[in-house]
Amino acid sequence: GDSVTQMEGPVTLSEEAFLTINCTYTATGYPSLFWYVQYPGEGLQLLLKATKADDKGSNKGFEATYRKETTSFHLEKGSVQVSDSAVYFCALRSNTDKLIFGTGTRLQVFP
Amino acid sequence: DAGVIQSPRHEVTEMGQEVTLRCKPISGHNSLFWYRQTMMRGLELLIYFNNNVPIDDSGMPEDRFSAKMPNASFSTLKIQPSEPRDSAVYFCASSWVQVQNTEAFFGQGTRLTVV
């Protein structure tokens, strides 16, 4: 069945460091791909999305490119801030409308 | 719109009791998801509805769990009888189903503790 695999955390970085969180997926057809962010005590919020191959989603300095050939959707940010500390979830929406999430990656940014 | 509204925000109950979690999706959305989040298992999809009809309930852990969506503006997730291992944060999310690339919007979650 459809699934999402993302790197385990926690990822610990200093402020202004470069961030990469890896995400790969398995799906039939052409899913849409998403990154969500969860701050402590809150629900998930959409960070960015891409709906077809080679699309790049971007928001708040974060970017991810839909790579069909490698079935990947890695999240990147050039310079992280302390306020980016949160849990990040990669997700796909399948042809059957199922919305499936990875296990989440905790990011901790220190000043 | 107020977003997806879940109630209660916190629930503490004794083992064996019935628990009902409630969700009001965003007005106009016709797809609704129930998820369970734990440290050990991450975010698990329990069930989802399209146009009030359950489409896939393969994630419902056992017969103690049931979900209903009597109309487009309300859904419940019931656990009867509850067990300590059901302790988790339960999220409801809604979206527009006709367009596959539409994201889902999440509620704040219900933190359930079964003692």
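Coordinate-derived values only; no laboratory data. Every value quoted in this text rests on a predicted model; they were computed, and no experiment measured them. Counting neighbours? That spans all protein chains shown, and the Cβs are built from the backbone with ideal geometry, glycine included.
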inquiry  = I need the GluC sites (Glu not before Pro) found in the stretch B:1-104, filtered to DSSP loop residues with at most 13 other beta carbons within 10 Å of theirs.
reply    = B:GLU14, B:GLU18, B:GLU62
ask   = Which of the trypsin sites (Lys or Arg not before Pro) found in the stretch A:12-111 are in a DSSP loop and have at most 16 neighbouring Cβ atoms, other than their own, within 10 Å?
value = A:LYS52, A:LYS60, A:LYS68
request  = Would you mind giving the mean number of other chain beta-carbons within 10 Å of the Cβ of each residue in B:73-85, as a whole number?
outcome  = 0
query = Which chymotrypsin sites (Phe, Trp or Tyr not before Pro) from the stretch B:52-115 combine a DSSP loop assignment with at most 16 other Cβ atoms within 10 Å?
reply = B:TRP96
message = Counting only other chains, and only Cβ atoms inside 10 Å, what mean value do you get across the residues of A:90-98?
response = 4
request  = For chain A, just the Cα atoms, rotate onto the principal axes and tell me the three extents in Å, largest first.
outcome  = 43, 28, 21
Ranking of A:LEU47, A:LEU19 by count of other Cβ atoms within 10 Å, fewest first = A:LEU19, A:LEU47
message = Can you say what percent of the DSSP beta bridges in the protein assembly as shown, counting only those with both residues inside, are antiparallel? Round to 5.
response = 90 percent
message = Just to confirm a number: summing +1 for Lys and Arg and -1 for Asp and Glu over residues other than A:LEU19 whose beta-carbon lies under 13 angstrom from that of A:LEU19, what do you get?
response = -2
note = One would report the antiparallel percent of DSSP beta bridges in the stretch A:12-111, rounded to the nearest 5, as 90 percent
inquiry  = Using +1 at the C-beta of Lys and Arg and -1 at the C-beta of Asp and Glu, which of A:CYS90, B:PRO54, A:GLY102 has the Cα lying farthest in the positive direction of the dipole of the protein assembly as shown?
reply    = B:PRO54
message = Please list, ordered by chain and number, the residues whose modelled amide H lies under 5 Å from the amide H of B:ILE5; skip anything fewer than 5 residues away on the same chain.
response = B:LYS24
query = At q = 0.19 Å⁻¹, what base-10 log of I(q)/I(0) does the Debye formula yield for chain B when every alpha carbon is treated as an equal point scatterer in vacuo?
reply = -0.95
note = Distance in Å, no decimals, from the C-alpha centre of the stretch B:40-115 to the one of the stretch A:91-110 is 16 Å
task = Using a 10 Å cut-off on Cβ to Cβ distances, tally the other chain neighbours for every residue of A:99-106 and report the average as a whole number.
result = 4
Under 14 Å from B:LYS68, Cα to Cα: aspartates and glutamates that are on another chain or at least 8 residues apart = B:ASP56, B:ASP57
ask   = What net charge do the residues around B:VAL12 carry, taking every other residue with its C-beta under 13 Å from that of B:VAL12, with Lys and Arg at +1 and Asp and Glu at -1?
value = -1
inquiry  = Along its three principal axes, how long is the protein assembly as shown when you only count alpha carbons? Whole Å, largest extent first please.
reply    = 49, 39, 34
FRET efficiency for B:SER7 and A:ARG106, using Cβ-Cβ distance with R0 set to 25 Å, rounded to 0.05 = 0.35
message = Tell me the net charge near B:PRO81. Cut-off is 15 Å between Cβ atoms, B:PRO81 excluded, with +1 for each Lys or Arg and -1 for each Asp or Glu.
response = -4
